Amino acid sequence: MKDIFEPLAQLLTEKNKHITFEKALTWVELLWEDFESTYAKAGYEYGGPERTEKVVRQWIENYGPSLHEFAGNNPKYKHFLNEGTKE
């Protein structure tokens with residue numbers, strides 16, 4: 001998964017200058033797991049890592065620049081903003 005997660009984390013750091021690479025990697029893992037678990041709970045057939053990568057990449061493209069703002073407004077993710085962000 002490293003060969004998938006690291007390029008996505010790099011893309012996120014390019015989109016959002018407030019997030020370090022390490023936190024971007026954590027965000028990628030979080031988004032990945034969130035999509036797969038939500039998709040499974042909804043009863044959909046597993047689409048494989050290709051589908052998940054496509055969705056996570058799309059989320060990064062669409063929401064990556066403001067991801068740190070979302071985290072600050074959501075208690076579940078607030079600790080991602082407080083640790084490992086750039087000033």
Given the candidates Tyr46, Gly64, Phe35, the one whose Cα lies deepest towards the positive end of the charge dipole of the range 1-73, counting +1 at each Lys or Arg C-beta and -1 at each Asp or Glu C-beta, is Gly64
Report, to one decimal in Å, the Kirkwood hydrodynamic radius for the range 25-73 based on all distinct Cα pairs. 11.5
For Ile19, distant residues with modelled amide H under 5 Å away: Lys86
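Can you give me the convex hull volume of the Cα atoms of the range 5-47, divided per residue and expressed in Å³?
Each residue corresponds to 68 Å³ of Cα convex hull volume.
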Extending each Cα 7 Å along its Cβ direction at Leu30 and Met1, get the distance between those two points in nm, one decimal. 1.5
Ignoring ligands, DNA and RNA, what percent of the accessible area of the range 1-58 is carbon or sulfur (1.4 Å)? 52
For the range 53-67, Karplus-derived ³J(HN,Hα) couplings (6.51, -1.76, 1.60; θ = phi - 60°; whole Hz; x for glycine and proline) come out as 4, 4, 5, 4, 4, 5, 4, 5, 4, 7, 10, x, x, 10, 4
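The values are calculated or read from the model by the stated rules, or taken from the named source; none is laboratory data. These numbers were taken from a predicted model, which means no experiment stands behind them. Cβ coordinates were reconstructed from backbone atoms using ideal geometry, including for glycine residues, and neighbour counts include every protein chain displayed. Areas reflect the complete protein model, heavy atoms only, side chains present, ligands, DNA and RNA absent. Shrake-Rupley method; radii C 1.70, N 1.55, O 1.52, S 1.80 Å.
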